[in-house]
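The values are calculated or read from the model by the stated rules, or taken from the named source; none is laboratory data. None of the values given here were measured: they were computed from a predicted structure. Cβ coordinates were reconstructed from backbone atoms using ideal geometry, including for glycine residues, and neighbour counts include every protein chain displayed. What goes into the accessible areas is simple: the full protein's heavy atoms, side chains included, and nothing from ligands, DNA or RNA. Shrake-Rupley method; radii C 1.70, N 1.55, O 1.52, S 1.80 Å.
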Amino acid sequence: MTIKIGCFALVDPFSTLDHQLDRIRDWGFRFADVTDTSDGAVLGNHFGFSAVASLDANPFDLNRMFEERGLTITSYCAHADLLDPAAPWRYGTGEIIKAIRAAAAIGVRHVVTTEGEPVTEFGRGLELREAILVLKEKLWEPVRIAEDHGVKILFEPHGPISGTIDGTTALLEAIDSPAFGLNLDTGNCWLAGTDPVEYTRTFGSKIEHVHWKDLGAEWEAKRGQIFGCGMADIALGTGVVDIEGSFRALEAAGFDGFTTLEVGGDEAVLGSAAFLEALGATR
């Protein structure tokens, strides 16, 4: 059993994806995810200040960009806005399907998504039963397509449903498919008010990928009020999240796969890798 450490491919702001991958390679990592995705044309890529991977681009070009640097893609991130009403300007079902097809084309097994924190009156007003139905409808076709393409959708704690054990349990019961599992995010889980160790013990083998984040004490006042953050600026093991406990719970559950550091800053990234390596992970 091996817990492998990869890196979030947004380590330097206002920089292109090839720059991000160069940095990850130079730090000594062999794994990274496709972190920021969108469909259509991406103007920031053309002018050199964005690391977005277009879901409409040739996925084999993207795979070659990773392979040329000795990096393996561990997942496609397709974080969505699924509780708000569907609209052309909201990342949702259509984009998740594109991510699944792109991942399948180049042999990437996991597409990570979430419901996100709703921003509309409609989304914020949903009761749990209603929210589960909305998510089931939005994910119905992506799950069917994932089944046919040999890809697994992994739902991440990053919203009011996924951030709780009760909500996640209800969602797993509603979407009972071998193509639907979980991505643990230690920082998001804690921030939503859920103990990531308890989350891991509860869902066990359903967890097939991990995002690592630790958070400082200044986040405690926000706990239970917001449902996720993009990345941490401190090294794992230096904050308030029980990273070692989460790691040991993953080991106990038989986790054997890829994990991603969602950490910014050279010292914090390298310190986080060293912390996990001391626990038994490899990069």
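Worth a mention:
- Net charge of Cβ neighbours under 14 Å - reference Ala170; Lys, Arg +1; Asp, Glu -1: -3
- Residues of region 1-127: accessible area per residue with a 1.4 Å probe, Å²: 45
- Theoretical gain in end-to-end length, Glu173 to Asp18 [0.36 nm per residue, Cα-Cα removed]: 51.8 nm
- Relative counts (whole %) of C-alpha pair distances in region 1-138, using bins that are 10 Å wide: 12, 38, 31, 16, 3
- Scanning the chain for chymotrypsin sites (Phe, Trp or Tyr not before Pro) lying in DSSP loops with no more than 11 further Cβ atoms inside 10 Å, the longest uninterrupted stretch between such sites is 90-283.
- Working note: 222 nm ellipticity from helices only, DSSP H runs with n ≥ 4, each -39,500 (n - 2.57), summed and divided by the residues of the chain, gives -11500 deg cm²/dmol to the nearest 500.
- Highest-MSF residue in the chain out of Val143, Val42, Val52 [GNM, Cα springs under 10 Å]: Val42
- For region 171-283, the carbon plus sulfur part of the accessible surface works out to 47%, probe radius 1.4 Å.
- Whole-percent carbon and sulfur share, accessible surface of region 1-100, 1.4 Å: 56
- With protein chains left intact and a 1.4 Å probe, residues in region 212-270 average 43 Å² of accessible area per residue.
- Distance between region 11-81 and region 224-283 - C-alpha centres, whole angstrom: 21
- Projected over every direction and averaged, the convex hull enclosing the alpha-carbon atoms of region 138-283 yields 8.6 nm².
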